[in-house]
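Worksheet: the structure to be examined is printed underneath.
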Amino acid sequence: MSFGNTSQGLILFLLATSLLAVGATRTIVVGGSENWKLGIDYSVWANQNKPFYFNDTLVFKYDLPSENSTGYSVYLLPNLRSYARCDFRRAKLLANTTQGSGEGFAYVLNKWRPHYFVSGEDNGTQCYPGMMKFFAAPTPARH
């Protein structure tokens, strides 16, 4: 079987594109030194830390529940509408109230779509605007 120049060029382009997407990933602690907790506007934090790249790893670090706090969690909401309304009906629990302690919970941005993150504790009230919610839409990795 013989490949023409067009086929070889396409194969090289696809290979180079996939290598770029893997080559320049980062590990980012959500909230920086403040971690994942109440009192931080994570939409502002995300805006200050973008762009997020394909295969970047977000690390959610948070304290265990205590008698003064129900703790935190990490949910992935399916779309912008559920994110805007803090609608958990089709949400996926990524990390429960204990999985963010210690080294934290790591999530890789390995899908080409917006990722809508929220905390769902206190009956979902941690999700409301200015609270524990943000989205990350990965772009191709820089080179």
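The values are calculated or read from the model by the stated rules, or taken from the named source; none is laboratory data. All of these numbers come straight from a predicted model, not from anything done at the bench. Methodologically, a virtual Cβ is constructed for each residue, glycine included, from the backbone with ideal geometry; neighbour enumeration extends over all protein chains shown. Side chains are part of the model used for accessible areas, which takes the heavy atoms of the whole protein and leaves out ligands, DNA and RNA. Shrake-Rupley method; radii C 1.70, N 1.55, O 1.52, S 1.80 Å.
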* To do: Quote the charge dipole size of segment 27-96 about the Cα centre in Debye, to the nearest 20; the model charges only the Cβ of Lys and Arg (+1) and of Asp and Glu (-1).
  => 380
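Once you keep just the Cα pairs under 8 angstrom separated by 6 or more residues, what percentage relative contact order results for segment 27-136? Can you show the working numbers first?
Numbers: 211 pairs, mean separation 37.6, N = 110.
Relative contact order of segment 27-136: 34 percent.
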* **Semi-axes of the equivalent ellipsoid for segment 27-136, Cα gyration tensor, largest first, Å** => 19, 17, 13
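Please compute the alpha carbon radius of gyration of segment 75-130, then divide it by the globular-protein estimate 2.2 N^0.38 Å. Two decimals is fine. The partial results should precede the final answer.
Details: Rg = 11.6 Å, N = 56, 2.2 N^0.38 = 10.2 Å.
Computed over Cα atoms of segment 75-130, the ratio equals 1.14.
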* Structure fact -> Of Asp87, Asp56, ordered by accessible area with the largest first and a 1.4 Å probe, the sequence is Asp87, Asp56
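Note the full-extension length gain between Arg113 and Leu76 as 0.36 nm times their separation in residues minus their Cα-Cα distance, in nm to one decimal. Don't skip to the end; give the middle numbers.
On the way: separation 37, 0.36 × 37 = 13.32 nm, distance 1.22 nm.
Gain on extension, Arg113 to Leu76, equals 12.1 nm.
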* Structure fact -> Rounded to whole angstroms and listed largest first, the alpha-carbon spread of segment 37-87 along its three principal axes comes to 37, 23, 20
* Asked: Quick one: length gained pulling Arg85 to Asn47 fully straight, 0.36 nm per residue minus the C-alpha distance?
  -> 11.7 nm
